[in-house]
Structures are given as C-alpha cells and as structure tokens.
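Asker: My questions all concern the structure below.
What follows is calculated from the coordinates using simple rules that are stated; it is not laboratory data. In this text the structure is predicted, and so the values were computed from the model without any measurement. Please note: Cβ atoms are built from the backbone with ideal geometry, for glycine as well, and neighbour counts cover all protein chains shown.
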Amino acid sequence: MPLKSTFLGELQRRNVHRAAMFYAAAAWLLVQIATQVFPFFDIPNSTVRIVVIAVVIGFPFAMLFSWFYEWTPQGIKLESEIDRSESVTRQTGKTLDRWIIAVLALAVVVLLANVLIGRHTEPVELDRSIAVLPFVNMSGDAANEYFSDGISEEILNVLARAPELRVAARTSSFSFKGKTLEIPDIAQALGVRMVLEGSVRKQGERVRITAQLIDASNGFHVWSQTYDRKLEDIFAIQDEIATAIGKELEVKLGNPEQTGSRSTGTSNVAAYDLYLRGIALWHARRPDTSWQAVDLFTQATVTDPTFAAGHAGLALVYSVLPAYSARMSFDEGLKLSTDAALRALALDPALPEAYAALGNNSANSRQRLTSDALLRRAILLRPSFATAHQWLGINQFTSGQLAAGLEALERATLLDPRSPVIAENHAFSLLTLGRVAEASQRCEQLLAFVPNHPSCLQYVGLARLMLGDLDAAKSAFERMEAAQARSGQTQALIDAFAGRADRHALAVKMAALPFNSQADPASGNTLEDQVIAALLMMLGEPGLALDYIERIAGEIGASMDWAVMLPAMDPIRCEPRFAAVIQDLRTHDPYASKVCAGKGEP
C-alpha cells in the first residue's frame, strides 16, 4: 500500500511530525524561561507548575490543530479546502506556520490552565505563611539571650493577629535556635514560605535590632532594616518591624492602629524583662521551669500591676501546672488561673492568652460549650495561636467529637509542628479513632528531635502494645522511665503481657494508684491516668478498669474523658455504669450506638 494512503503517510503529508518537533522545541524553551527567569521577578513557583502542566495539556491540541488547519497565502484554511496545486508554496511557508501554530496553542492552553487549575496547584496559605526565627543575641552576654528571644516572640505575636497570615508558633520556630540549617530547609520543615531572621545587640540603655525577611522559595531577601533605638522604645520597634513585614506580605494586621506599648501592655522595661523570662520557661512545660515561670510572672505583675500580659502568663501556667507537679492541686490551679485570667481581661479585653486559659479551665471543669466559645474567641483574636487550637481540639475530642478534635489538632500541628505537647495530644486523638500505627508515627516524628519527651514515649509504648510489638513497647517505656528518673514499672508490665508474670496482680496494683500519680515522683508511677485505664482493659481486667474509671472520673481535671473515647473500652461500653460515667463527665460516647446496637444501648 502506498505510504500516503496509510495513517503514518498522512501524518507525514500533513507535516504533523514537524509540528510535534517544533512544539517540543517551543515547550522546552518556555519551560527553561519559566524556571530560570521567573524567580528573578518574584513570580511564585505555582506559575512555573502551571507552565509545565499547560505544555503537557497543550500537546494534543497543537497536533489536532496541525492536522486540520494550515496557514496559506489566503489565510488559515482547513486541510481539505487547500488546493493541491498550492503544495509547493504551502511547503515553503510550512516551517514558519508550524512555529506560529505551536506558540498559539501554548498561549491558549497556558491561559486555560491558569484559570482552571492555577488556584489549586499551590495553596494560597503557603504564600501567606511565615516563621519568625529567634533573633541572634549579639550583646556578648548570655544573660541577654532571653531578651533577643523575647523580641522575636513579640514580633511573632503581632504578626499572628492577621487572619490572612499563618505564623509558625514559637516552639517550632525556636527549635532551630543555634543550628546551622539553611533557610529553605527550615522553611520546608515548618511548612512556610517566608522566614524572618535577625539579631539584637543590647548595650546599656540602647539596642540595635537588624531584621531581614527572606522568601524561602527562591532565597531572595524581600526586606531588611536596622533599628537603633533607646531601650525604652523597644515596644515601638516591635510593632514597627511587624507592620513593615505585614506590608511586604500584603496582609492587614489586626488592630493596626495599636502601636507602641499597647502591643505588650506595659511601658515598664523591668516588668517586660521579667515577662520575657517567664514566657520562655512556660513553653518548656516541665515542673521546675513552670514554677520558675510563676515566680517571674508574679514579679512582673508586682513591678507593673497593670501589665495584662503578665497576669495572662500566670493564668496560662496555673492552668496546666497541676498536670506536671503534685505541689498544686487542680482545684487550686483552676482558681488561681481563673483569677489571673479575669484580671488580665479587665486590663485588656482583647488578650487571647487570657481567653485560652479560661477555655482550658472550663474544659477541666467540663463546661464544654463555654470552653469551646472561649477558645474560639482566642483564635479569633490570634488566628495563629497554636495552643488555642490545641486546647480546642482536646475539648472537642473529649466531648465525643472525634473528627472535629482531630481537625483542630491537625491545625495546631500545622502551626507548631515541633511542639511536644501538641504532638502528644495529636497522637492520642488518633488513638481514639483507632488509628494506632499513625498515633505511634506522630509521636515518633516528634521524638526524632525531642528524644526524651515522656508523654510521647508513653504513647508510642501504648500503641506498640496495642499492635503486639512487645520489644518496641518495652524500649519506649524504658526510655520514658529514664527521662523521669524512675525504673521498674516497665519490666513488670512487659512480663505480664508476655505471660511471664501474674496479670491480675499487676492490674490490681495499677488500679489502686491515686489520681494524677504520675506527677508525684514518690509514687513510682510514670503512666498517665488515661493510659492506666487502657492498660487495665488490655490486661483483661474490665471490672478493675470500670472501677478505676468511676473513681478517677470524679476528680476535677481528671483525664477519664480521654480514656472513655478509646476503642479499647468497647467491652464495657454498654454497661450501665459506663453510661453513668459518660453522663457524669458531661460528654457523648461516639461509639455507643454502634457497639451497643441490639444489646440495649445505654
């Protein structure tokens, strides 16, 4: 059969193969221009992806165009309309025609791709995201380290007011302090595009602050500035830097008219120094540092009784301190935290920390709707407030809204991916959904850079027991014991699960432990109450587990509203006593309708 009567022959006659080669050349050139030139004009990476996708999508369109149409001296014509006697003339202009066809096809498809898929290739949120790294202390005095850290945190807090901007939390940003990672690597780890770094040199009553904003997507400096001021002007400098960054990112800061001392709530430098020291210790979430933070916040409020943030700092510490230290009961912590938060709000009704503390206190008192409203208010005032998202997630999953709780904790993780306390809460929420392997993985990610965090080691151990991996469980529990300077409990637990010891005897001993015993070093216990409840079920002691849950659930601040959400409780979920606990906890059992179907649902 003659070549021209075949499909391949027709492709050759119409010069489609030539169009394909010309298209490939044009596409390659366009992609090279996009990848090499666009960054110099701060054109986002999403545009480059649009170009590449458009090139791929455009190929079949260009080939079809080449098959059916051709440029002639009389204009664009269908192939069937062209006089065959024009073939010589047509062939002469063929090369130019194909280039024009290729470029036109590419241009059309690029525009279509930009309209149809451009908005989905890169989240807008990434473009409006920033991490504030701890400013470097250039003062030559290690005692001033807290000051440079505090400058960074206050700028971070001002930026976090903007609802359009996602700001990485202090815990995660500061985890890179003293490390030599490149800015793009830090930005990738924190899931942000912009990074603010700088330095602080404090000498006597003067301070020099240098700040620079870097676009991690291309490594270019977007903005930089140096400030030489008297120390008394430090509050105005913080707002000035934050406002300048906000303008560069084209976002509107919340309450932009509030500048100067109003951002920190004091013009007293001594009170501010004490506050900065206290807030750094609050983030550590350890018994010793928490008590030190109480002392510093107290001194700050004595130095300036109208310092709202100082009172809010006390409210935050007191709200969680009983979970870490047996020196303070939950009743006392709840009262002191609430008093401090109300004092802070009386001084500054727009202080998110105070609303967050009250929200956490309400959750501990099982006033769940009030807690929800207060925490949402804190988030409204500071959309990037990771702790508020974290506490909202806890309140939701302990209310039986497991999916909503997980979503809030995922948001907290996005804002503060390196926070130990958020990681442990996130892991537990996954356990309540039966996603055991994912829960272990979430804490293992945290342990990669905080290797001795007790609660995450505990949840890895629990998850590994649930998965039947005794060796991995033993390793995690032993590391937890070492971190808390205690020993002996792990071996007894593993021996019982391995069948080398009396399970019932161990269960009886665990069920007799008092409320919040892990906070007391003298107890010898390293396990949190909700984990003990789960282990009693896993040891095959549902009666002891139910007795333990009933006894502990009556305590203020008890975590039995965590325990009852675990699938491990299914064997006792339909018991009237369990239903009574659910009612006393003022929560909802999300599994009851399914597990108890046909059994006389409680």
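Asker: Can you sort Asp288, Asp584 from fewest to most other Cβ atoms within 10 Å of each residue's own Cβ? Write down the numbers at each step before the final one.
Answerer: Values: Asp288 11, Asp584 14.
By the 10 Å Cβ count, ascending: Asp288, Asp584.
Asker: For Glu438 and Ser523, calculate 0.36 nm times their separation in residues minus their Cα-Cα distance, and state this gained length in nm to one decimal. All intermediate terms of the calculation are to be shown ahead of the outcome.
Answerer: Numbers: separation 85, 0.36 × 85 = 30.60 nm, distance 3.11 nm.
Stretched out fully, the Glu438 to Ser523 stretch lengthens by 27.5 nm.
Asker: So how much slack lies between Ala597 and Lys230, counting 0.36 nm per residue of separation and subtracting their Cα-Cα distance, in nm? Don't skip to the end; give the middle numbers.
Answerer: Working: separation 367, 0.36 × 367 = 132.12 nm, distance 7.07 nm.
Full extension from Ala597 to Lys230 adds 125.0 nm.
Asker: Could you compute the FRET efficiency for Ile556 and Asp141, with r as their C-beta to C-beta distance and R0 at 56 Å, rounded to 0.05?
Answerer: Numbers: r = 44 Å, r/R0 = 0.79.
Efficiency, rounded to the nearest 0.05: 0.80.
Asker: Label Ala472 and Lys509 with points 7 Å out from Cα along Cα→Cβ: what is the distance between them in nm?
Answerer: For Ala472 paired with Lys509, the spin-label model returns 2.7 nm.
Asker: Between Asp295 and Thr243, what is the FRET efficiency for a Förster distance of 45 Å, r being their Cβ-Cβ separation, to the nearest 0.05?
Answerer: Values: r = 34 Å, r/R0 = 0.75.
So the FRET efficiency works out to roughly 0.85.
Asker: Ok, one more. Take the Cα atoms of segment 292-359, build their convex hull, and give its volume per residue in Å³.
Answerer: Details: hull volume 4.6 nm³, N = 68.
Residue-normalised Cα hull volume stands at 68 Å³.
Asker: Which order do His283, His426, His453 fall in if you start with the one that has the fewest other Cβ atoms within 10 Å?
Answerer: On the way: His283 19, His426 28, His453 22.
The fewest-first ordering by Cβ neighbours comes to His283, His453, His426.
Asker: Can you give the local net charge around Arg366? Use residues other than it whose beta-carbon is closer than 13 angstrom to its beta-carbon, Lys and Arg +1, Asp and Glu -1. Present the calculation step by step, with values, prior to reporting the outcome.
Answerer: Numbers: positive: Arg368, Arg586; negative: Asp372, Glu555, Asp561, Asp584.
Charge balance in the 13 Å sphere: -2.
Asker: Same structure again: Between Ala24 and Ser365, what length in nm is gained on full extension when 0.36 nm per residue of separation is reduced by their alpha carbon distance?
Answerer: Values: separation 341, 0.36 × 341 = 122.76 nm, distance 6.72 nm.
Computed gain between Ala24 and Ser365 is 116.0 nm.
Asker: State whether segment 521-568 is rounded, prolate or oblate according to the following rule on the C-alpha gyration tensor (a ≥ b ≥ c being the square roots of its eigenvalues): a/c under 1.5 gives rounded; otherwise a/b larger than b/c gives prolate, and the remaining case gives oblate.
Answerer: Numbers: a/c = 1.61, a/b = 1.18, b/c = 1.37.
In terms of gyration-tensor shape, oblate.
Asker: Here's a follow-up. If we restrict to alpha carbons, what Rg and Dmax does segment 141-195 come to, in Å?
Answerer: Both quantities, over Cα of segment 141-195: 12.2, 38 Å.
Asker: Here's another thing I want to ask about it. So, counting K/R as plus one and D/E as minus one, what does the shell of residues with Cβ under 13 Å around Asp502 add up to?
Answerer: Working: positive: Arg500, Arg503, Lys509; negative: Asp495, Glu541.
Net charge around Asp502: +1.
Asker: Here's another thing I want to ask about it. May I ask for the net charge around Ser399, where only other residues with Cβ less than 9 Å from the Cβ of Ser399 are counted and Lys, Arg are +1 while Asp, Glu are -1?
Answerer: Details: positive: Arg368, Arg586; negative: Asp372, Asp561.
Every neighbour counted, the sum reads 0.
Asker: Rounded to the nearest 20 debye, what is the charge dipole size of segment 125-264 about its Cα centre when +1 sits on each Lys and Arg Cβ and -1 on each Asp and Glu Cβ? Please list the in-between numbers first.
Answerer: Working: 16 positive and 21 negative charges, 24 e Å.
Here the size comes out at about 120 debye.
Asker: Hey, another quick one. Would you work out which of Ile155, Gln225, Gln188 lies farthest towards the positive end of the dipole of segment 125-264? Charges go on Cβ: Lys and Arg +1, Asp and Glu -1.
Answerer: Ranked along the dipole, the leading option is Ile155.
Asker: Just to verify a number: FRET efficiency for Glu575 and Lys335, C-beta to C-beta distance, R0 = 30 Å, to 0.05? Each step should come with its number before you reach the end.
Answerer: Values: r = 35 Å, r/R0 = 1.15.
The formula returns an efficiency of 0.30 here.
Asker: As a footprinting exposure proxy, order Asp304, Asp495 by other Cβ within 10 Å, with the fewest listed first. List each step's numbers first, then the result.
Answerer: Numbers: Asp304 20, Asp495 16.
Going from sparsest to densest Cβ surroundings: Asp495, Asp304.
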